[in-house]
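Comments concern the structure below.
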Amino acid sequence: MKNKFLINSEKLQNSLRLRLNPVRNLNPQSLTRILDNFHQGHLAAASLMWEAIERRDDVLQGVISKRKKAISRLKWEIITLDNSPEALEHKDALQFFYNNLTASHACDGNQTGGFPLLVKQMLDSIAKKYAVHEILYQPHSSTQLTASFRFVPLWFFENTTGKLRLLSPNNSTESSPLTPPYWLITTGDCLMESCSLAYLYKTLPLRDWLHYCERNGMPGIKGVTDARPGTAQWESALQAVHEFGADFRALMDRGSDIQAIDLSSHGDLPYPPLIDRMDRAMVALWRGCDLTTLAKSQATGASLQENETSILEEDDAAMISETLNAQVDRQVLQQLFKVKRGKAYIQLQPTRTHRTLQDLELYRQLCEMGLPMPKSHLYERFGIPQPSADNEMCISQSHKNN
């Protein structure tokens, strides 16, 4: 399974040279066009726009980072289908693979890491629908294999045929298919489509609000004088108005007066509610709650927030696990042991708090009703390693007495 990276220096240089900034002149018409092109398979403009929005919006940068970090910090385990020697051998191989893999970024050579970084990069699919990695497999021994995963931004690809294809470095209309097993493709919700709309309708009122502050934050100045235009007294009053507006001090002739004109609107401005509405929408999309729920101190609000966050965490963990099971685990075990379906796989363990207690109570009641669960299912459900002959068992005192 020897291969080499396809994203070479020529493609990287062309990408950096030709990269545009779709956010600079973003408006409803241009945003609609970019999103329509994305759904037609032309991914570059949308992916570049979403990348810039993620970096620049204060709310998005926080909630996206929190969601990714929540999953990348989860514990993971290699689960076996049974306790056979073959399953344990497959487990050891996958354990070595994931403990020794490396992750990097095609456009940022400073970004390197291990399995947690790989998970963060895969979670980019939640924002942009797809997250793509090149895989460089690295044999270590006859029963050990690891790999380097290099994250490739979405603007290197197109999807006009319904399958992601790598764009040619010299011709944006030519592309080549992604050959398995050397590519890892993660698919997600594409939340940045909705967030880009919220971002646009947040920045437009923000811009208008800023213009309002610049224009109406300082009062207007009106000068009143009995002097005739062109006279020395007139020029003195005119100079006084200019100096008052600039430095808030003036000396005037008798018979002259300076008055402030209030240009601000009376009542509430329309900008803050609209901006707040867009912020709430983005938080709700990414974290499962809005800012109102986060600000509540009532138990009901806290419970809803916990439930929604738990649902997202479990779904994200399952998505990462299933993607790796289908596209990586099978390939590693097939290469090492020549099997179509291995007897071990990786699984991220979400932090199930309230649901764990509920499930424990449910299983206890089922057992009392004469409907016991398979032990392998219970071990997998609660993320508990299955005991083996080499491991010392921990037995409670009540079981000893029984």
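The values are calculated or read from the model by the stated rules, or taken from the named source; none is laboratory data. Computed from a predicted structure; not experimentally measured. Quick reminder, even Gly has a Cβ in these numbers, built from the backbone with ideal geometry, and neighbours come from all protein chains shown.
Mind listing whichever residues of segment 112-127 are touching a residue at least 24 places away in the same chain (Cβ under 8 Å), of a type in the set (S, T, N, Q) and in contact with a Ser or Thr (Cβ under 6 Å, 6 or more places away or on another chain)? Result: S125, single match. Scanning segment 110-133 for residues that are closer than 25 Å to H90 by Cβ and either out of contact with any strand residue (DSSP E or B) (no Cβ under 8 Å at 6 or more places or on another chain) or among the charged types (D, E, K, R) (or both) gives a single hit, P116.
The sole residue among L88, L123, L145 that is surrounded by fewer than 21 Cβ atoms within 10 Å (Cβ to Cβ) and among the hydrophobic types (A, V, I, L, M, F, W, C) is L88. Annotation: N83 fulfils all but one of (1) out of contact with any strand residue (DSSP E or B) (no Cβ under 7 Å at 6 or more places or on another chain); (2) in contact (Cβ under 8 Å) with a residue 60 or more places away in the chain; (3) buried (at least 16 other Cβ atoms within 10 Å of the Cβ); the unmet one is (3). Put simply, of K91, K68, K4, K75 the only residue that is among the charged types (D, E, K, R), out of contact with any helix residue (DSSP H, G or I) (no Cβ under 9 Å at 6 or more places or on another chain) and at pLDDT 95 or above is K91.
Has segment 165-179 got at least one residue that is within 19 Å of E51 (Cβ to Cβ) and at pLDDT 95 or above? Within segment 165-179, not a single residue is within 19 Å of E51 (Cβ to Cβ) and at pLDDT 95 or above. Would you mind stating whether P181 is assigned to a loop (DSSP other than H, G, I, E, B), within 15 Å of V328 (Cα to Cα) and in contact with a strand residue (DSSP E or B) (Cβ under 9 Å, 6 or more places away or on another chain)? When the stated conditions are applied, P181 passes them.
Kindly evaluate V152 against the criterion of being touching a strand residue (DSSP E or B) at 6+ places or on another chain (Cβ under 7 Å) and either in contact (Cβ under 8 Å) with a residue 60 or more places away in the chain or closer than 25 Å to K91 by Cβ (or both). So V152 passes the test. P205 meets each of the listed conditions (1) farther than 21 Å from N159 by Cα; (2) within 29 Å of the chain's Cα centre (by Cα); (3) modelled with pLDDT under 75 apart from (3).
Here is a check on your reading of the model: is G114 under 22 Å from L166 (Cβ atoms) and either out of contact with any Pro (no Cβ under 8 Å at 6 or more places or on another chain) or not basic (K, R) (or both)? Considered against the rule, which asks whether it is under 22 Å from L166 (Cβ atoms) and either out of contact with any Pro (no Cβ under 8 Å at 6 or more places or on another chain) or not basic (K, R) (or both), G114 comes out as no.
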